[in-house]
Amino acid sequence: MRRVRDWFANPWGQPRLLAAVTWLYMVWAIVPVGIAILFSFNNGRSRSVWQGFSTRWWWGDPNNSVLHDPSLRSAIEQSLRLAGLDMLIAVPLGVGLAIGLTRWRGYGARPVNYLMLFPLVTPEIVMGVSLLLVFTLLYSIPLGTEAQTLGQVTFSISYVVIIVRGRLLSIGPEYEEAARDLGASPLGAFRLVLLPLLWPAIFAGFIVVFALSIDDFVVTQYMSASQSTETVPMLIYGAARGATTPALNAVATVMVVVTLVSVALAYLVYRWSARSRPATSGSAINEIAALEV
Amino acid sequence: MTRRWFWPSFALPGAAWLILLFLVPTYAVVAVAFGTVDPIFSQPVPVWNPLQWQFGGMRAVLDGLEPGHAFWIVFVRTFAYVALSLAGCLLIGYPVAYYLARYARRSRGLLLVLLVVPFWVSYMMRMLAWIGLLLPDGLVNRVLLDLGILSQPYGWLDGQASSVVFALIYGYVPYLILPLYAVLDRIDRSVLEAGRDLGGSPISTFLHVTLPLSKNGILAASVLIALPMFGDYYTNDLISNSPKTSMIGNQINLFVQGGTQRTVGASLVIVLSLLLAVLMSYYLWATVRASAETRESLL
């Protein structure tokens with residue numbers, strides 16, 4: 001009891017209760033995923049009872065393994081395809097919107113600024129329903145990869161805008177004004193001064209959009225047409241409660257590994273490019289953290 | 001290209017995209033909710049002109065929302081689940097964020113990495129992990145049987161409200177901790193020291209300094225996770241899959257994706273959006289204010 005009082009009495013001491021809660025939380029958050037990954041190597045059909053180690057659900061089984069089941073492979077491919085398309089379209093649109101909204105002081109800026117914030121607060125099912133209705137009843141866009149891309153880009157743009165705008169606000173207009181004073185055209189000042197300064201934020205935008213796309217379920221499902229446009233989250237949603245094999249865990253594991261490796265690689269590339277470009281201060285991690293209010 | 005149009009032209013493609021694929025679709029939901037139904041194919045026919053709106057679908061939803069009726073029960077249940085989950089997330093998330101921001105030193109880097117890992121593991125994978133653990137022959141039941149707490153396996157996945165709330169907490173708590181950490185980390189240590197120097201006990205310093213300073217952050221982060229929870233249907237489908245625990249999202253999904261009653265589904269979307277408008281406006285207001293403050297502090 002005395003020791004408990006001492007912890008409270010010393011404001012800069014280590015509160016062990018808080019430390020224990022924190023570490024318990026970390027274990028709770030991560031160990032279940034580790035167990036699920038472990039079960040992808042189960043030597044039986046069960047996803048809950050360990051029956052020895054094997055790689056049959058990865059490549060051993062001639063029909064149901066990740067390597068040989070075409071539906072599992074196509075889900076992984078579709079997830080990656082959509083992530084690529086989403087990054088390719090959403091990042092340029094978002095960067096342009098962020099620059100436009102920060103530098104443009106006209107009447108249109110304020111409503112567009114609010115419009116940009118709405119996708120961030122709209123529950124995904126509302127977006128899924130509205131896109132489904134407008135595609136089928138007004139635009140006659142067929143459901144499938146195109147519709148899935150259109151939907152994912154729509155909710156991804158705002159995240160890019162928030163990240164890039166945070167950086168733009170901290171840069172300020174001085175550098176471009178200096179470039180303009182030294183004789184650069186508006187476009188030249190943008191390309192030679194602003195764009196290099198924005199690079200860390202743009203890079204963070206790519207990473208965040210990749211993660212958003214890979215993780216997305218609702219909009220992607222509402223925009224999907226048939227089994228051929230099924231992504232990994234959709235596959236898990238459809239099969240997790242049924243009598244499926246640990247191959248499902250293996251597919252999920254593939255996506256975890258792909259995401260973690262991409263993020264790690266992106267971080268290394270970023271570190272490397274930041275070293276060769278000393279003008280850019282601030283890190284992509286900070287840009288991602290800037291997402292939170 | 002004139003100078004006047006130089007900056008707006010950057011925003012044009014993104015703005016046009018959001019108008020065509022966010023604003024127009026939102027109006028399409030309204031047009032379907034107040035539209036008619038084709039009698040032969042039972043397909044919804046949107047009515048774009050507000051003067052010709054039909055109110056049949058909306059009336060059916062509003063009738064169901066009377067106390068004791070079908071939608072009323074679902075709405076009350078949804079609010080209860082979200083409130084419980086949010087409370088659980090705060091009870092777990094605040095101490096973790098507080099410890100990270102205030103105390104963790106040597107272990108801080110490792111803890112931050114561990115904190116971010118769930119962001120890179122997809123939501124569905126994390127739910128899949130718990131389904132494996134909660135199955136009748138899963139680890140949770142076996143441990144509880146071995147400890148003698150249970151005498152036979154418990155059906156955690158057979159429509160248990162507690163399992164759904166647990167899964168919602170597990171799924172959304174990472175999205176709460178990171179913004180909370182950012183807010184708590186920004187609190188100036190000298191302010192806390194001042195509170196202590198002026199004779200406040202650690203607890204009263206926490207209550208009178210730390211908590212008020214993090215109040216806006218707590219609210220914004222809570223709204224940030226409550227909004228998607230209100231529209232969540234997949235957690236419920238995966239962990240319970242029973243109408244006994246059905247939430248608003250499940251109802252909307254049932255009417256729009258499963259059945260032919262898209263008019264009712266669209267009306268439910270409108271009712272849900274109107275109920276959430278308070279939360280949304282708060283978040284938008286806080287965001288715009290925060291970015292205005294950043295702008296001012298930089299000028």
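Structure notes:
- Prolate/oblate/rounded label for chain B (Cα gyration tensor, a/c 1.5): oblate
- Neighbour counts of C-beta atoms inside 10 Å place A:Glu124, A:Glu146 in the sequence A:Glu146, A:Glu124, starting with the fewest.
- Region A:68-289: relative contact order as a whole-number percent, Cα under 8 Å and 6+ apart: 33 percent
- Distance from the C-alpha centroid of region A:12-55 to that of region B:201-219: 33 Å, rounded to the whole angstrom.
- Exposure proxy shown here: for B:Glu293, A:Glu176, the number of other Cβ atoms within 10 Å sets the order, fewest to most, as B:Glu293, A:Glu176.
- According to the calculation over all Cα-Cα pairs in region A:5-150, the P(r) per 5 Å bin from zero is 2, 7, 8, 9, 11, 10, 10, 11, 11, 9, 7, 4, 2, 0 %.
- Taking a sphere under 14 Å around the Cβ of B:Asn253 and counting the other residues whose Cβ falls inside, with K and R at +1 and D and E at -1, yields a net charge of -2.
- Label sites at A:Arg271 and B:Asp137, each approximated as a point 7 angstrom past Cα along Cα to Cβ, lie 4.5 nm apart.
- Taking Lys and Arg as +1 and Asp and Glu as -1, the other residues whose beta-carbon sits under 12 Å from that of A:Ala184 total -1.
- A:Val49/B:Val117 FRET efficiency (R0 30 Å; Cβ-Cβ; nearest 0.05): 0.70
- A rounded overall shape is assigned to the protein assembly as shown, the ratio a/c of its alpha-carbon gyration tensor axes (a ≥ b ≥ c) being less than 1.5.
- Euclidean distance of C-alpha centroids, region B:78-123 and region B:238-292, integer Å: 25 Å
- Once both labels are positioned 7 Å from their Cα atoms along Cα-to-Cβ, the gap between B:Ser190 and A:Ser228 label points is 6.6 nm.
- Percent of Cα-Cα distances greater than 28 Å, calculated over chain A: 54 percent
- Likely footprinting exposure, B:Ser246, A:Ser273, fewest C-beta neighbours within 10 Å first: A:Ser273, B:Ser246
- Close amide H partners of B:Val37, meaning residues 5 or more places away or on another chain with modelled amide H under 5 Å apart, are B:Val45.
- Once you reduce region A:94-127 and region A:63-90 to the center of their Cα atoms, the two points are 31 Å from each other.
- For the pair B:Gln43 and B:Ser162, label points projected 7 Å from Cα toward Cβ lie 4.8 nm apart.
- Sequence-ordered 3J(HN,Hα) estimates for region B:241-254 from the Karplus curve with 6.51, -1.76 and 1.60 and θ = phi - 60° stand at 6, 10, x, 5, 10, 4, 10, 4, x, 5, 4, 4, 4, 4 Hz, glycine and proline given as x.
- In terms of its alpha-carbon gyration tensor, region A:75-142 comes out oblate; a/c meets the 1.5 threshold, while b/c is at least as large as a/b.
- Sorting the Cα pairs of region A:105-176 by distance into bins of 5 Å, from 0 upward, gives 3, 13, 19, 19, 17, 11, 8, 5, 4, 1 percent per bin.
Read-outs throughout are calculated quantities, based only on the coordinates presented, and are distinct from any laboratory measurement. Please read all numbers here as calculations on a predicted model, not as lab measurements. Every residue, glycine as well, gets a Cβ built from its backbone with ideal geometry; the counts of neighbours run over all protein chains shown.
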